[in-house]
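Nothing in this text is a laboratory measurement; each read-out follows from the coordinates by a stated rule. The shown structure was predicted, so the numbers you read here are calculated from the model rather than taken from an experiment. As a convention, Cβ positions derive from the backbone with ideal geometry for all residues, glycine included, and neighbour counts pool all protein chains shown.
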Amino acid sequence: MTKAICMRCGFEKFGCFVKCPNCKFTPTKNIELEISISLREGAYSDVELTLLSKDIKNKHLVDIPLEQINWYEIYGFR
Ligand SMILES: [Zn+2]
């Protein structure tokens, strides 16, 4: 399985689309799948993934209700 990080809490998980063992977030919508598949090894080096993970943790997205999160804005997708 591919090492990936959760787009909502930054927790390290294995597999882009699996449920996060930490915050229980599962990507289902198109934008969520699109971002999730980019947050994995292969797309980023180990070091970059660790930095990304820290960055996501610092955003405290888990404290924001899911429906209020603007993924496009946070991850720079258009
Ligand atoms: Zn998570």
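Figures for the structure shown
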read-out: Pair Asp55, Asn70: separation of 7 Å Cα→Cβ label points (nm); value: 1.9
read-out: Neighbour cut-off at most 16 other Cβ (10 Å), DSSP loop, chymotrypsin sites (Phe, Trp or Tyr not before Pro), the chain; value: Phe17, Phe77
read-out: Unit charges on C-beta of K, R, D, E only; dipole of the chain, Debye; value: 180
read-out: Under-5 Å amide H pairs with Thr26, H placed in peptide plane, nonlocal only; value: Cys20
read-out: Percentage relative contact order, segment 3-74, counting C-alpha pairs under 8 Å, at least six apart; value: 35
read-out: Exposure proxy ranking, count of Cβ atoms within 10 Å, fewest first, for Cys6, Cys16; value: Cys16, Cys6
read-out: For the chain, Cys with no neighbouring Cys Cβ under 4.7 Å; value: Cys16
read-out: Sequence-distant residues sharing a close amide H with Lys3 (under 5 Å, placed H); value: Gly15, Glu41
